[in-house]
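This report refers to the structure that appears directly beneath it.
The values are calculated or read from the model by the stated rules, or taken from the named source; none is laboratory data. Source: prediction; values computed, not measured. Cβ atoms come from the backbone with ideal geometry, glycine included; neighbour counts cover every protein chain shown. What goes into the accessible areas is simple: the full protein's heavy atoms, side chains included, and nothing from ligands, DNA or RNA. Shrake-Rupley method; radii C 1.70, N 1.55, O 1.52, S 1.80 Å.
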Amino acid sequence: MKKFNIRKVLDGLTAASSSSSSSSSSSAAAAAARENDAVQETLQSEHFQLCKTVRHGFPYQPSSMAFDPVQKILAVGTQTGALRLFGRAGVECYCQHESGAAVIQLQFLINEGALVSALTDDSIHLWNLRQKIPAILHSLKFNRERITYCHLPFQSKWLYIGTERGNIHIVNVESFTLSGYVIMWNKAIELSTKSHPGPVVHISDNPMDEGKLLIGYECGVVVLWDLKSKKADYRYNYDEAIHSVAWHHEGKQFVCSHSDGTLTTWNIRAPAKPGQIITPHGKQPKDGKKPEPCKPILKVEYKTTRAGDPFMVLSGGLSYDTVGRRACLTVMHGKSTTVLEMDYPIVDFLTLCETPYPNDFQEPYAVVVLLEKDLVLIDLGQIGYPIFENPYPLTIHESPVTCCEYFADCPAELIPALYSVGSRQKRQSYSKKEWPVSGGNWGQGTQSYPEIIITGHADGSVKFWDASALMLQVLYKLKTAKVFERARGKEEKPSTDIVEEDPFAIQTLSWCPESRMLCVAGVSAHVIVYRFSKQEVTTEVVPLLEVRMQCEFSDVDSPDPGGDQTPTLPTPGASSSPQETEPPSQPSTGSISSDGPWDNIPCLQVRSSPLKQSPGYQVELVIQLVWVSGEPPQQITSLAINSSYGLVVFGNSNGLAVVDYLQKTLLLNMGTSDLYSPSDPYQRQPHSPRKARQPSGALCDSNDASNTLEDRCKSPTSGSTSPCNSDDERKQNFIEKVKFKSRRFSKTVANDFAKMSRKISSSSGQKTDLEKGFQRWRSLRCKESPYCMHRDKAAPGMSRKAGVCRTKSAPNSYAKDNSFTRSRSSSVTSIEKESREAISSIHFCESFARKTDSLVSPCVLVGTTQGSVLMVAISLPPGGDQRLQQPVGISSCGTLVRLKGGILTMALLDSAATLLPPSYEPWYDPNASDEEKEKSRRRRPASPPSSQEGQDSQFAVLCSEKQAKVVAMPSQTRIYKHSITETSFVLRADVVQMAGANCIACFCANGHIMTLSLPSLRPLLDVNYLPLTDMRIARTFCFSNQGQALYLTSPTEIQRITYSQDTCDNLQEMLSELFTPVETPEAPNRGFFKGLFGGGAQSLDREDLFGETAAGKASRSLAQHIPGPGGMEGMKGAASGVVGELARARIALDERGQKLGELEERTAAMMSSADSFSKHAHDMMLKYKDKKWYQL
């Protein structure tokens, strides 16, 4: 176990040691070995292992669906080859076909714990569902024919497969081998049609006669095939193409749906013409002519009831004049026809029935409808057909996810509190019945700590999810857009918007679980502070604070700072109304004219009417960055809130701002360059513009680019053009021009990302194009204005600085192109690349602000995109009323340390390497009585101050895109350094707690997930897990405590992973079980007369027909059998646990019962034989009883 000392470990180090990380690490280790007071690192490589755990959310791009009516399990297949299985609430499972081909059909082996999937690559697979992680037992790949339809009769082991050529092959599900029995298309149709009938679109057996197979061809021909005689009994012809076929349970008639919106009902013994033709949505002409054609009816199901009229459920079939109408499901019951509109197009639907037997009354009770982006269950048993309340977390994508945070091991009372306020948001019009998909059992997890996931969305909503025990359930939804006025139409849309769509989208958030304070930043450069309350309140006036943030980088028009930059502080007793208080001016902005078209105008308008706030999160303060001299505000790049100090700190590419949300005042508004002290060795000098550099041609027109740099750098008031001439017209022309540029650039970015995605290489030694593009984006994302400002004479009043062309990417790019939501930039000139330094990370702590300090005090660590870590000291007034009256002091203390790459995360450890979290104030209800507030309001005590001068008692842990460093405090000397990556860059890094210790967890753009020990930065884990193939992953990947992490693997799904060995070891127990032993319902009773005279269901011995003995062997070249990784032996081994034991016990009992039955039959036969022998012997004895031997 590695040991090292903090005391005097830096005495022999000089500044030159920073050039060699290995020498510094060895020196520190050597010094540590000689000391008695040492820190022991308990985390070792054995504590880490990476694996996927569960996937939540709606299946992305669904394509097919199946339901097991006995096990009550629902399966959904997708276009990417994924399988999602659902049982009761909390029972979910995900598995993936290796080929990634789309799933075209799914078939359950009902109550057998198995599933057959058919894919577009003409392969079929048998999945074993009796184990917690389903595995493929067998696969069959067709070589010469394309699969179009599959049918597996109930309690049969023979699977019918229809092909594009019109043939039907038969597969033994147990061995996954082809039978020699084949139904050829030409024999099926013979001379009924003159051309090829097209692909097979339907296969089913007659419910009352298993020997009769109904085959539907696309052209409109339906054939009733006799399996025993191997010929067609009847052929049914119709002029329109067929999409689906459904039987009546008595097997005497069937219904076909057609491409012209008609339903034809056929009697099986009357093939000449349909018994009935109806057009459910067609307008019936008065002259008796044929109704006008409608859209195709894609699917129809015909279900009977014992006590009433049958149900006919269909999708599609609407008339063509319903342009723009949403997709509909039609339910026909008796004389009533109900049309149910859906929010998204219908992919598939299934009618859930009480019995699995097709030859009995079906008794339908629900319809499950699979939509493109939703799953809906309709209750057929209640008037109005209400829907069931969906217990699955399928609404993650209700609005596109723009940011994500993961909190493991939260306070225990948080989840009940959020659930109590969230339960009031639920709609009340759901069906009263229980969710019918109720199969499976929950896992027996050992994890007991609460976990919460927070997602921010494009519509401004924030959702809180309970993620405990590998489950996911929505707790509470906050709508931040309620704070603002909404434009009713496009003509009312404010011209100050910096995004065309989704102006309320959440960009980043900061949450304190202990105090329940929440702070969110949106794409319109706004920050909202929320408090949690259990009581409803009406806010008459929403508290608003407007902030001017701008920064100069060029010496063309930047004045000399001229000495110490001390921010203006609010005077004691100043008005707390933000509308009346003028925010302190930015000291380094220089003299810029305020006569521009937009000045001091926010991007969004806060609502002026009273705001009714329900229990939950309620607005405490709205902070808006405003336009400055025609320049739109820069978007927020980093954000942090501290409930103990009552402060919110946020930064962007212009600088840093500190706001006191208790007094509603701005404490600090300083450019990034001004945060450095004048004597700071890392002080950034201003740069002069380069004359030969021109803006990117992809972003500016050629005539714009032809303007000289001198023209673009002129003062706003220079030139002969007056800013007052036709000002409104110039504004409008400017807006239209900018919007055109924005739209054109959004296409350019989308195309570039598409090209880069196709060039992705998984090679870890070489940086991929997407990594390079992402790295360029990382260097630019915080640096540019969202609009393309052309500094020429045609736009007077604009701020003409260093000739920088700025633009804005598509605001809804995260929804359409999966690009990084926070990317709102294009390209900049070399001046801005060198000069712009944005705030990338903020961390509250209690530490030593200066080297000479001997006591800790409140501080803020500020990280920048150029790798600087700056220290800002906070001076807090006493608590109570004085805190609300006296100002908070803020002072910049200069640079702490410098790293390569932008700063990603920062943390503080004590001398024992224990994490020092930011101080917080325990939660109290802001709307409670004053007495209750005073009882609960007490500041968490700070870390114990250092009592020994000259001794380093803290570690500052700092991680950037390239490296990690550990700095001793207060001496501010680096003691450990580790280069994380040279060829790539870190996307996300977090200091996390695991197994009672701390470590740094990193996710790199090359796909590697790494962990480093603290404080010695020893590599503990390095796994090549997930190359950066999608910007969505980079935007949403986050680590949490206890070895948990997650990311958005598709626009609709969250993938959770673990890097903890302990969690991986217990994963089997924690996962839910899909298969549970359930008795199959009894078959329907045939009745006395049906048994006497016939007429009941006719069984068929398919083994005699399809077996190798009768049908022979199939051609080897037709299909290739591929054994799956989960073969029968593997299945038996994997079926451990309670369910596996029960299943085996049940099988053993069945076998024993069968053997006992056979033994009983044998015993009865022997007894009968013995009685007969005894009788014959007795008769023989009587015959010869009185005769002598000579009379024989």
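Does V529 qualify as being farther than 30 Å from N390 by Cα, within 27 Å of the chain's Cα centre (by Cα), modelled with pLDDT of 85 or more and open to solvent by less than 20 Å² (accessible area, probe 1.4 Å)? Working first, answer last.
Details: farther than 30 Å from N390 by Cα: yes; within 27 Å of the chain's Cα centre (by Cα): yes; modelled with pLDDT of 85 or more: yes; open to solvent by less than 20 Å² (accessible area, probe 1.4 Å): yes.
Taking the combined requirement at face value, the residue satisfies it.
Would you please name the residue that is surrounded by the most Cβ atoms within 10 Å (Cβ to Cβ), looking only at residues in segment 415-463 that are outside any loop (DSSP other than H, G, I, E, B) and of a type in the set (S, T, N, Q)?
The residue in question is T455.
Would you check which residues across segment 627-657 are of a type in the set (A, V, I, L, M) and either at pLDDT below 95 or buried (at least 24 other Cβ atoms within 10 Å of the Cβ) (or both) and list them?
Hits for segment 627-657 are V628, I636, I641, V648, V649, L656, A657.
Find the strands (runs of 3 or more DSSP E) located wholly in segment 68-161 whose residues include 1 or more that are open to solvent by 10 Å² or more (accessible area, probe 1.4 Å) and touching a helix residue (DSSP H, G or I) at 6+ places or on another chain (Cβ under 8 Å), and list them.
Result: 135-142.
Taking only pairs six or more apart or across chains, which ones have beta-carbon atoms under 7 Å, a first residue in segment 1016-1043 that is touching a residue at least 60 places away in the same chain (Cβ under 8 Å) and surrounded by fewer than 20 Cβ atoms within 10 Å (Cβ to Cβ), and a second residue that is among the small types (G, A, S) and assigned to a helix (DSSP H, G or I)?
Partner pairs satisfying both residue conditions: T1029/S757.
Among the residues of segment 1019-1033, count how many are out of contact with any His (no Cβ under 8 Å at 6 or more places or on another chain) and modelled with pLDDT of 90 or more. Let's see the steps before the verdict.
Residues of segment 1019-1033 out of contact with any His (no Cβ under 8 Å at 6 or more places or on another chain): 1021, 1026-1033.
From the residues that got through so far, the ones that are modelled with pLDDT of 90 or more too are 1021, 1032-1033.
Total satisfying the criteria: 3.
Residues in segment 131-141: is at least one over 30 Å from T355 (Cα atoms) and in contact with an Asp or Glu (Cβ under 9 Å, 6 or more places away or on another chain)?
yes
Please find, among G324, G261, G288, the residue that is surrounded by 21 or more Cβ atoms within 10 Å (Cβ to Cβ) and either part of a loop (DSSP other than H, G, I, E, B) or at pLDDT below 95 (or both).
G261
Does P197 count as under 24 Å from V255 (Cα atoms) and in contact with a helix residue (DSSP H, G or I) (Cβ under 6 Å, 6 or more places away or on another chain)?
yes
Can you work out which of the residues in segment 1079-1108 that are among the hydrophobic types (A, V, I, L, M, F, W, C), part of a loop (DSSP other than H, G, I, E, B) and open to solvent by less than 50 Å² (accessible area, probe 1.4 Å) is modelled with the lowest pLDDT?
Within segment 1079-1108, the match that is modelled with the lowest pLDDT is A1097.
Mind listing just one residue for me: the one in segment 19-49 that is aliphatic (A, V, I, L, M) and open to solvent by 30 Å² or more (accessible area, probe 1.4 Å) and, of those, modelled with the highest pLDDT? Quick ask: steps written out before the conclusion?
Residues of segment 19-49 that are aliphatic (A, V, I, L, M), as a first pass: 28-33, 38-39, 43.
If we keep only those that are open to solvent by 30 Å² or more (accessible area, probe 1.4 Å) too, we end up with 30, 33, 38.
Values: A30: 35, A33: 35, A38: 60.
Per the stated criteria, the residue is A38.
Residues of segment 213-238 being in contact with a helix residue (DSSP H, G or I) (Cβ under 9 Å, 6 or more places away or on another chain), part of a strand (DSSP E or B) and crowded, with 18+ Cβ neighbours inside 10 Å, which ones?
I215, Y217, V221, V223, W225, A232, R235
Which of the residues that make up segment 894-910 are out of contact with any Asp or Glu (no Cβ under 7 Å at 6 or more places or on another chain) and either basic (K, R) or buried (at least 18 other Cβ atoms within 10 Å of the Cβ) (or both)? Step through it out loud before you land on a result.
First, the residues of segment 894-910 that are out of contact with any Asp or Glu (no Cβ under 7 Å at 6 or more places or on another chain): 896-900, 903, 906-910.
Matches in segment 894-910: L896, V897, R898, L899, K900, I903, M906, A907, L908, L909.
Could you go through segment 194-205 and let me know if any residue there is assigned to a loop (DSSP other than H, G, I, E, B) and of a type in the set (D, E). Quick ask: steps written out before the conclusion?
Residues of segment 194-205 assigned to a loop (DSSP other than H, G, I, E, B): 194-199.
Adding the requirement that they be of a type in the set (D, E) leaves none.
Checking segment 194-205: not a single residue is assigned to a loop (DSSP other than H, G, I, E, B) and of a type in the set (D, E).
One residue is enough: does segment 468-484 have a residue meeting the conditions at pLDDT below 95, on the phi > 0 side of the Ramachandran plot and surrounded by fewer than 24 Cβ atoms within 10 Å (Cβ to Cβ)?
Looking for residues that are at pLDDT below 95, on the phi > 0 side of the Ramachandran plot and surrounded by fewer than 24 Cβ atoms within 10 Å (Cβ to Cβ), one finds at least one in segment 468-484, hence yes.
Can you name the residue in segment 1002-1018 that is of a type in the set (A, V, I, L, M) and in contact with an Asp or Glu (Cβ under 7 Å, 6 or more places away or on another chain) and is also modelled with the lowest pLDDT among such residues?
This residue is A1005.
When you scan segment 244-253, do you find a residue that is surrounded by fewer than 18 Cβ atoms within 10 Å (Cβ to Cβ) and more than 19 Å from M208 (Cα to Cα), even just one?
No.
In segment 361-391, which residues are at pLDDT below 95 and crowded, with 20+ Cβ neighbours inside 10 Å?
Q362
Before we move on, is G87 out of contact with any strand residue (DSSP E or B) (no Cβ under 6 Å at 6 or more places or on another chain) and in contact (Cβ under 8 Å) with a residue 60 or more places away in the chain?
When the stated conditions are applied, G87 does not pass them.
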